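Below: one structure, written as structure tokens.
Throughout, read-outs are computed from the coordinates displayed, never taken from laboratory work. Everything numeric here is computed off the predicted structure, so don't read it as measured data. Cβ placement follows ideal geometry from the backbone for every residue including glycine, while neighbour counts extend to all protein chains displayed.
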Amino acid sequence: MLLSGIDDQDPLLLQAKEANASVLEAYTSPTPFSSHAERVVQGQRLMQAYGDVLLGWHSFPNSRRPDYYVRQLRDWKGSIEISTLDPKSLAMYAGYCAWILARAHARSGDRVAIAAYLGGKDAFDQAIADFSAASPTRTKATLLVLRMPQLPGRSRWNEDFKRAAFS
């Protein structure tokens, strides 16, 4: 959708996207949201550290028409062309992505419900400790797999990335 501001030199491009049912919907309880588009928008708002102020949704109640959510076509946030990164920079970028993903998932949980689920015993704590203690063995096994001969079609930077990430 193309909107204009005070004149023709002040355009605003919005993207309307159809929101369908979640692929998980068949295996879980029904969504508490009024529409699929609202579910998408609320999920994006929950996960994003800095959201799109123009993010919203529209649905057609009692209609077979699909739900839509609307967002800025370009939000002017920066991006990185990862194919141009050297192995060390790529490993650092991957670490930042992991941190951001972990932060988003931490925001999405209901801490009271999680605490109630885990209970007062130390079984979860012990499971995390056991997992952490076994981690070096799993890492060595992963490294052995990664050091296997290259398969056709794999790019050369994979070898350089493995050296940077696992040295």
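Under the classification rounded if a/c is under 1.5, otherwise prolate if a/b is larger than b/c and oblate if not, where does region 1-153 fall, given a ≥ b ≥ c as square roots of the Cα gyration tensor eigenvalues? Oblate shape, in that a/c is at least 1.5 and b/c is the bigger or equal ratio. A crude spin-label estimate for the pair residue 21 and residue 64, with each label 7 Å from Cα along the Cβ direction, gives 1.5 nm.
How much FRET efficiency would the formula 1/(1 + (r/R0)^6) give for residue 14 and residue 112, where r is the Cβ-Cβ distance and R0 is 35 Å, rounded to 0.05?
On the way: r = 37 Å, r/R0 = 1.05.
The pair residue 14/residue 112 has a calculated efficiency of 0.45.
In this calculation the C-beta distance from residue 129 to residue 103 is compared with R0 = 25 Å, giving a FRET efficiency of 0.60.
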